[in-house]
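Worksheet for the structure shown next.
The values are calculated or read from the model by the stated rules, or taken from the named source; none is laboratory data. Keep in mind that this is a model prediction, so the values were computed, not measured. Don't worry about glycine lacking a Cβ; one is built from the backbone with ideal geometry, like all the others, and counts go over all protein chains shown. Ligands, DNA and RNA are excluded from the accessible area calculation, which covers all protein heavy atoms including side chains. Shrake-Rupley method; radii C 1.70, N 1.55, O 1.52, S 1.80 Å.
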Amino acid sequence: MTSSPIPSSSQPFLENEQQPTTPTKNSKKLALIPLIFIIFFEVSGGPYGAEAAIGAAGPFLAILGFLIFPFIWSVPEALVTAELATTFPGNGGFVIWADKAFGPFWGSLMGSWKLLSAICNLASYPVLCLDYVKLVFPVLGSGFPRYIAIFLITMLLSFLNYLGLSIVGYTAVVLGVLSLCPFWLITLFSVPRIDVSRWLSLGQMGVEKDWNLFFNTLFWNLNFWDNASTLAGEVEQPQKTFPKALFSAGIVTCLSYVLPILGTTGAVPLVQSEWTGGYFANLAAMIAGNWLKYWMEVGIVLSVIGLYEAQLSSCAYQILGMAEMGLLPGLFGVRSEWFNTPWVGILVPTLVALVVSYMTFTDIVSSVNFLYSLGMLLEFASFLWLRRTMPDAKRPYQVPLSMPGLVVMCFIPSCFLVYIMVVAHRTVYIVSALLTVFAIAWYFFMEFCKTKMWFGFESVDQDKVDDEIF
């Protein structure tokens, strides 16, 4: 099995051996608490945007979805991430896993699928922000003012990421607490109004269920657990920190959805058509008053900052990791001399996200989910193949299941991934097919560039790398 060169910073963790790192000034590692909140923002950022699940299928199925879906999807994805991120704690994450399992072509394809889906996800955050802000400033709802607002939000948030990953981590802690406060409050204020029978509603009579929107909303709100793996090379003691961070972030994420949805759906009569993006703010005014509505609208802005920063960090360090692996030219791995951040890796997703952000929010979500599904199917296959072919590799954290149990664990969420892809619209198929063709062409173009020596590519002694794995 051939495999692309992987630098020492991207190798599996070795017991009692210090992982080599790129010598840079002001290098700081992510600690546990900042990593928890970065993962929280990679996955969720709070229940903003979850309103569509109630509008698509009614309160009962939405509550059921946010209770059950984490166990059939989020837990398996988090367990896979915990094992592989601690075995291969380098920048690049899932790209390294696919590369080690199936070779550089599949590593590159994994990187392209995940990066494209992440950039689409990145572009959705300014759009989601404006869905709330326009309730206070209607002028930003359409036309030229909306375009200018998206541009300014995107550029300002990207600059914050440029200042450093440690700043992003501790900023995420503050933003996480502040953005969740309105939902804790709306849950408390809802308690005296709750009518339990409202939780059992399957939706209003005559309103057709939108299963595509329902499952895409659940999926979009509860995926991307593996994105933080691209930061593994920047995490303090990743073999110990990652499992703890994933478990803690999982609890925070699930509670942030279930409690506010239980409170609000039980407190007000169902008007299904109203449950669209931004409706939580209106509910805050109805249940507690305008002061909570305004706080919630401020909360979405804070949440979007956290979502954007976490997602952009993942994109940037994935690009850095791919450059370190030799899948991208070395120039993509250039770090800032001032802040030690991969500024090229930040710039490229920012520019692409600006273009994608002018799509509608629903189109963005569907495109994200389809590309991400392709990447996750490859990720599950890589996980199983690595467990089978590298049984003696050092695994600081190992999913406590035998091979048949692991197959079942991966099979259930894989069925859901296939369903998400099957119910996609024709436009999503066409866009995803074109992007996949582009990803394949990009790999062979990079290989051609290597033979022509048009760009510089990183490489290391692969024999030494293999010796370190076992």
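Computed from Cα atoms, the angle from the helix 238-267 axis to the main principal axis of the chain rounds to 10 degrees. Modelled spin-label separation between Ser402 and Leu156, with each label point placed 7 Å from Cα along the Cα-to-Cβ direction: 5.8 nm. Lysines within cross-link reach of Lys293: Cα-Cα under 25 Å, excluding same-chain residues under 8 positions apart? Result set, ordered by chain and number: Lys134. Stretching the chain fully between Arg193 and Lys240 yields a gain of 12.5 nm (0.36 nm per residue, less the alpha carbon separation). Residue separation of Ser336 and Trp385 scaled by 0.36 nm, minus their Cα-Cα distance, works out to 13.9 nm of gained length. The accessible-area ordering, largest first, of the residues Trp343, Trp184 stands as Trp184, Trp343, per a 1.4 angstrom probe.
For region 212-277, what does the accessible surface come to per residue with a 1.4 Å probe? Please give it in Å². Normalised by residue count, the accessible surface of region 212-277 is 29 Å².
If a paramagnetic tag sat 7 Å from the Cα of Val136 along the Cα-Cβ line, which residues of region 282-300 would have the backbone N under 15 Å from that point? Output list for this probe position: 282, 284-285, 290-300. Principal-axis analysis of the Cα atoms of the chain puts helix 165-190 at an angle of about 20° to the longest axis. Derived scalar couplings between HN and Hα for region 427-443 equal 4, 5, 4, 5, 4, 5, 5, 5, 5, 5, 4, 4, 5, 5, 4, 4, 4 Hz in order, rounded to whole Hz, by the Karplus curve 6.51 cos²θ - 1.76 cosθ + 1.60 (θ = phi - 60°), x for Gly and Pro.
Calculated mean residue ellipticity, 222 nm, the chain: -22500 deg cm²/dmol, from DSSP H runs (n ≥ 4) at -39500 (n - 2.57) each, averaged per residue and rounded to 500.
Rank these by accessible area, largest first, 1.4 Å probe: Arg426, Arg388.
Final ranking, largest accessible area leading: Arg426, Arg388.
Per residue, region 74-168 exposes an accessible area of 28 Å² to a 1.4 Å probe, with every protein chain left in place. Were the residues from Lys450 through Leu64 laid out at 0.36 nm apart, the gain over their Cα-Cα distance would be 133.8 nm.
Around the amide H of Val235, modelled in the peptide plane, lie the amide H atoms of Leu30, all under 5 Å away and 5 or more residues distant in sequence or on another chain.
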